[in-house]
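Asks: Supplied in structure tokens, the structure appears directly below.
A short reminder: the numbers here are calculations on the coordinates, not readings from a lab. The structure presented is a predicted model; accordingly, all values stated were derived computationally and were not measured. Here the Cβ positions follow ideal geometry from the backbone for every residue, glycine too, while neighbour counts run over all protein chains shown.
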Amino acid sequence: MRYPVVIEPGDEATAYGVAVPDLPGCFSAGDTLDEALKAAEEAAAAWLDATLDEGGAVPSASPLEALRANPHYVGWIFAMIEVDPAVLDDKVERVNITLPRRVLRRLDVLAKAAGETRSGYISSLTLREAGRKRA
């Protein structure tokens with residue numbers, strides 16, 4: 001998936017600033033243009049992942065021409081970044097894990113108490129932990 005970005009030019013004293021207008025609040029920077037674009041790709045992937053975790057929708061990408069027509073971005077550089085589609089993939093995949101029986105029993109008790117299946121409980125724990133790490 002590709003998103004347009006706007007880049008505030010940098011120089012020897014300041015970094016290149018990059019914003020992803022279609023993803024509100026998503027921005028990054030880098031000392032070189034290449035570093036700034038790579039950081040923008042990482043920021044966009046994290047933004048999309050967090051949005052999906054919160055039940056939000058993935059915004060559509062605006063046409064690059066629409067950004068060029070915006071007077072706010074006069075003097076900025078325009079580019080496109082690529083976001084790995086795997087970030088958006090919520091397709092269910094069957095996995096095989098190995099746990100000690102005593103741990104599995106605890107997992108089942110906790111899942112039942114939460115009103116979830118074993119898989120659902122593992123998924124909830126993972127998303128909750130990922131959210132705490134972002135905060």
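Asks: Given an 8 Å cut-off on Cα distances and at least 6 residues of separation, report the relative contact order of the chain as a percent. Don't skip to the end; give the middle numbers.
Replies: Values: 160 pairs, mean separation 32.1, N = 135.
About 24 percent, as a whole number.
Asks: Divide by every residue of the chain the summed helix terms, -39500 (n - 2.57) for each DSSP H run of at least 4, and state the resulting mean residue ellipticity at 222 nm, rounded to the nearest 500 deg cm²/dmol.
Replies: Details: 4 runs with 56 residues, N = 135.
When only DSSP H runs of four or more count, the value is -13500 deg cm²/dmol.
Asks: Put a dot 7 Å past each Cα toward the Cβ at LEU127 and ASP84; how far apart are the dots in nm?
Replies: 2.1 nm
Asks: Region 1-91: which trypsin sites (Lys or Arg not before Pro) are DSSP loop and have at most 16 other beta-carbon atoms within 10 angstrom? Write down the numbers at each step before the final one.
Replies: Numbers: sites: ARG2, LYS38, ARG68, LYS91; in loops: LYS91.
Sites meeting the loop and neighbour criteria: LYS91.
Asks: Suppose we flag GluC sites (Glu not before Pro) only when DSSP calls them loop and at most 11 other Cβ atoms lie within 10 Å. Which is the longest uninterrupted stretch of the chain? List each step's numbers first, then the result.
Replies: On the way: sites that count: GLU12, GLU54, GLU93.
The reported range is 94-135.
Asks: Continuing with the same structure: Averaged over every viewing direction, what's the projected area of the C-alpha convex hull for the chain? Give it in nm², one decimal, please.
Replies: On the way: hull surface 43.4 nm².
For the chain, the mean projected area of the Cα convex hull comes to 10.9 nm².
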